[in-house]
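Student: Structure provided below as structure tokens; questions to follow.
Computed from the coordinates by the stated procedures, all read-outs in this text should not be read as laboratory data. Just so you know, these numbers come straight off a predicted model, no measurement behind them. Cβ atoms come from the backbone with ideal geometry, glycine included; neighbour counts cover every protein chain shown.
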């Protein structure tokens, strides 16, 4: 569904992303992981049209979308959430979601219906009348999710949607994301919370310093020494294997 | 349109350079305020106007020469600027960009109309004894007040540059400009630095006013003239760049002077606005500005 | 929203009441002030579309006003075209000017203060051009002959201008109401709140901002015609100067940015203050000082404008979704 080939981007001489290629098959949940500063969000931004790649191509459902503007990419069926949530602060949750819903219809009543349905799906119905700026972190993350979902996308790019959530909230969101996948939306997500990544994703790509260092099924990745070293530094691989064994 | 007499050109250029130094001083305050506080001080022109009135009254009521007045006006400007930020702008803005724009706009309205109310709309000038003296350079005559202002501006710019680059306060200011949160974390009182920077920006206006008054005039609307010019220089030179303000000041000063010579007073003014528009569109970071 | 909710009923009542004022009030001076209030509300609402709803602060609204005013004045004086037709030319001129400025500014991604600054520069450019060119009358300006008649859109009885201003203000309020319930309006507000997030959700920010500025332009142009017909004189400082620029945004911000009635309320309060101040002290400048103080006070303490006083209560109750 989504084909990324050789994507590269440098900022002022610093290579943020170098020659990254990945693909996402329809109906799957794919994870993009890696330590902070690895270039994951930059990659997202390039796929979603916020940054123009220096090199490489992005193809979606056979169509080239490299370098297209964000709203056009949304028209094509891809939407992204933001790592630092960007609510429409003075609007209510419902109004926020409706902005997304308006992508599917020009009619206010219909947009409201879609928004309410999405809110239900994501578990935000009790907060619909609340001002977005008053939501908790978890609420805002859900709002990001709901808003993007309301546009009726076929591919959802989730950027650290679980950052700042406590374990219960994480379990909730995992369930919601699974539900979204089941309803036919493909998902590519950036995540740090390993438990969730293992639980959710069918496939994972690991980025470090802008370069793809590993890819594969989550279980393989977790025990890949390079990956562990990238995250935790030299000698961490051994320590990790002890923990994973204890967790199982 | 091209009624220029080429013999007058060198004089026009030199005049432009001298005026440019004063423009640079005005722009310096603005660019400093933008570079550190990241706000656009719409009150800049109006405050300059108030300084000009202050210099006017110091001269006509107390007989104090404008250049000597520097010693009084600059420190007081700093204090007033500091206070203005600390107790008014900073307090009321609640941190939002658009709010600061509006508050400084509101202040500009208040200052301008207060001047109108108290001083009337008449233009005021001062007649310093050496107002009509001129320096004979052979190929051109230069008015003495302008020459003095020119060199004084350069000295002040230099002093400011040294202060920012070499002193501890300067370091703190640069730190806050680059990375506000980080500066806070290492113990710098960011709000204080903001107020200090604003104060310095206004002090620059204090200096500019003293240097400008002998060669110029003041009425409640004088500020407006300088607003676009100052903004243009700041954008041309690069927001936050002291060197940029200086060079930008010269460029604009010369452009205005030569433009006015060739195309007449009013059309020459368009030149600056057009430069402003073009820079905003094609190179908003200016010649020396930091990349956003 | 049911058709007969409280807000709608109040609005209808208010409209009828306002329409009947010339019959209730004999003092023509008062009617004149009310005309100014309605005109100012209309002008403010034009700024509100781009500045309040779409969040793009500008000093450029005056460019559309001035251009519209010149267009209809010149059409009348030089070509003898009645202002009833001239106003449409003025609206068109406003739209075209807006499209130009908007295209140039938005195409290059200017936002926030940079956008405000460039509109300031454009206003200055227009002012200088108007000052230097023959057919605008240069610095001397344009005079319109005093010929009260419906055809010439001039009235001896202030009530005539009152009703024109009333209709314009009403139209502007209807436009705002439409904005609040439409997809276009929701998108403008989204752009105001967070342009990047809006783009991510499929909103073509450039297109929306262009439409918004063109609406502002058209309204500004119409206001220009009204002004010229009422005051019969136009020169560059009036057309493109800071005065109207500031007035437009002042009434809106004081009343309430991005609200339907904000400009009207702001206009009422500010002009009311002006009249009271002038009653006591006639020196120029005083009312503007008060305006400045009000602006600073509103930003500091009531950033949502005077309407914010009412809105706060409604949000707490959960609101019934009305504007």
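Student: Give me log10 I(q)/I(0) at q = 0.10 Å⁻¹ for the stretch C:164-323, Debye formula, one equal scatterer per alpha-carbon, no solvent.
Tutor: -0.46
Student: For a quick check: sort C:286, C:270 by the number of other beta carbons within 10 angstrom, fewest at the front.
Tutor: C:286, C:270
Student: Report, to the nearest 10°, how far helix B:222-237 tilts away from the longest principal axis of the Cα atoms in chain B, using its own Cα long axis and a range of 0 to 90°.
Tutor: In chain B, helix B:222-237 runs at an angle near 70 degrees to the longest axis.
Student: Express in whole angstrom the spacing between the alpha-carbon centres of the stretch B:111-190 and the stretch B:194-216.
Tutor: Cα centroid of the stretch B:111-190 versus Cα centroid of the stretch B:194-216: 4 Å apart.
Student: Stretch residue C:293-residue C:232 to full length: gain in nm at 0.36 nm per residue minus the Cα-Cα span? Working shown, then result.
Tutor: On the way: separation 61, 0.36 × 61 = 21.96 nm, distance 3.16 nm.
Separation in residues times 0.36 nm, less the Cα-Cα distance, equals 18.8 nm.
Student: Restricting things to alpha carbons, find the Rg to Rh ratio for the stretch C:21-109 using the Kirkwood radius for Rh.
Tutor: Checking Rg against Rh, the ratio lands at 1.09.
Student: Still on this structure, I have one more. Could you tell me the calculated FRET efficiency between residue C:82 and residue B:186, based on Cβ-Cβ distance and R0 = 60 angstrom, to the nearest 0.05?
Tutor: Values: r = 70 Å, r/R0 = 1.17.
The value I calculate is 0.30.
Student: How much FRET efficiency would the formula 1/(1 + (r/R0)^6) give for residue B:94 and residue A:171, where r is the Cβ-Cβ distance and R0 is 41 Å, rounded to 0.05?
Tutor: Working: r = 38 Å, r/R0 = 0.91.
My answer for the efficiency is 0.65.
Student: Now a separate question. What average count of beta carbons from other chains do you get within 10 Å of the Cβ of residues in C:120-133? Working shown, then result.
Tutor: On the way: counts 6, 14, 4, 2, 10, 9, 2, 4, 10, 3, 0, 4, 7, 0.
Neighbouring Cβ atoms belonging to other protein chains average 5 per residue here.
Student: Counting only DSSP beta bridges with both residues in the protein assembly as shown, tell me the antiparallel percent, nearest 5.
Tutor: On the way: 27 of 43 bridges.
Here the antiparallel bridges make up roughly 65 percent for the protein assembly as shown.
Student: Calculate the mean, over all residues of peptide C:187-193, of how many other protein chain Cβ atoms lie within 10 angstrom of the residue's Cβ. The partial results should precede the final answer.
Tutor: Working: counts 3, 0, 5, 9, 2, 4, 11.
Counting Cβ atoms of other protein chains within 10 Å of each residue's Cβ and averaging gives 5.
Student: Could you identify which residue out of A:214, A:64, A:132 has the top mean-square fluctuation in a GNM of chain A using Cα springs shorter than 10 Å?
Tutor: Of A:214, A:64, A:132, the most mobile in the Gaussian network model is A:64.
Student: Once the Cα gyration tensor of chain A is found, what semi-axes does its equivalent ellipsoid get, as square roots of 5 times the eigenvalues, in whole Å, sorted largest first? Present the calculation step by step, with values, prior to reporting the outcome.
Tutor: Details: eigenvalues 181, 100, 48 Å².
Gyration-tensor ellipsoid for chain A: 30, 22, 15 Å.
Student: What translational D, rounded to a whole number of µm²/s, comes out for chain B from Stokes-Einstein when the hydrodynamic radius is the Kirkwood one over Cα pairs, at 37 °C and 0.692 mPa s? Let's see the in-between values first.
Tutor: Working: Rh = 19.4 Å.
Calculated translational D: 169 µm²/s.
Student: In addition: Okay, which of the stretch B:113-130 sit inside 19 Å, backbone N to the point 7 Å along the Cα-Cβ direction of residue C:281?
Tutor: B:113-122
Student: Turning to a different aspect of this structure: What is the angle, in °, between the Cα long axis of helix B:44-62 and the longest principal axis of the Cα atoms in chain B? Nearest 10 is fine, range 0 to 90.
Tutor: 60 degrees
Student: Where in the stretch A:30-53 does the label zone of residue A:192 land, with the point 7 angstrom along Cα→C-beta and an amide N cut-off under 14 Å?
Tutor: Hits in the stretch A:30-53 for residue A:192 at 14 Å: A:33-41.
Student: Take the alpha carbon atoms of the protein assembly as shown, find their radius of gyration, then divide it by 2.2 N^0.38 Å using N residues; give the quotient. Walk me through the numbers before you get to the answer.
Tutor: Working: Rg = 30.2 Å, N = 863, 2.2 N^0.38 = 28.7 Å.
Rounded to two decimals, the normalised Rg is 1.05.
Student: A further question on this structure: Return the FRET efficiency for the residue pair residue B:135, residue B:155: r is the Cβ-Cβ distance, R0 is 30 Å, and the value is rounded to the nearest 0.05. Mind showing how you got there, number by number?
Tutor: Values: r = 18 Å, r/R0 = 0.60.
My answer for the efficiency is 0.95.
Student: Where q = 0.11, 0.17, 0.22, 0.24 Å⁻¹, what log10 of I(q)/I(0) comes from the Debye formula for the stretch A:39-127, counting one point per Cα?
Tutor: -0.40, -0.83, -1.09, -1.16
Student: Express the relative contact order of the stretch C:13-86 as a whole percentage, based on alpha carbon pairs under 8 Å and six or more residues apart in sequence. Mind showing how you got there, number by number?
Tutor: Values: 20 pairs, mean separation 9.5, N = 74.
Computed value for the stretch C:13-86: 13 percent relative contact order.
Student: Within 10 Å of each residue's Cβ, count the other Cβ atoms and sort C:245, A:57 from fewest upward. All intermediate terms of the calculation are to be shown ahead of the outcome.
Tutor: Numbers: C:245 22, A:57 15.
Arranged by neighbour count, lowest to highest, C:245, A:57 become A:57, C:245.
Student: Give me the extension gain from residue B:167 to residue B:283: residue separation times 0.36 nm, minus the current Cα-Cα distance, reported in nm with one decimal. Before the final figure, lay out the partial values.
Tutor: On the way: separation 116, 0.36 × 116 = 41.76 nm, distance 3.16 nm.
So the chain would gain 38.6 nm between residue B:167 and residue B:283.
Student: Quick check on the stretch B:162-292: take the gyration tensor over C-alpha atoms, sort the square-rooted eigenvalues as a ≥ b ≥ c, and tell me if it's rounded (a/c under 1.5), prolate or oblate. Kindly include the intermediate steps, with their values, before the conclusion.
Tutor: Working: a/c = 2.70, a/b = 1.70, b/c = 1.58.
Prolate shape, in that a/c is at least 1.5 and a/b is the bigger ratio.
Student: In addition: Would you mind ranking B:155, A:174 by Cβ crowding within 10 Å, fewest neighbours first? Working shown, then result.
Tutor: Working: B:155 11, A:174 18.
Going from sparsest to densest Cβ surroundings: B:155, A:174.
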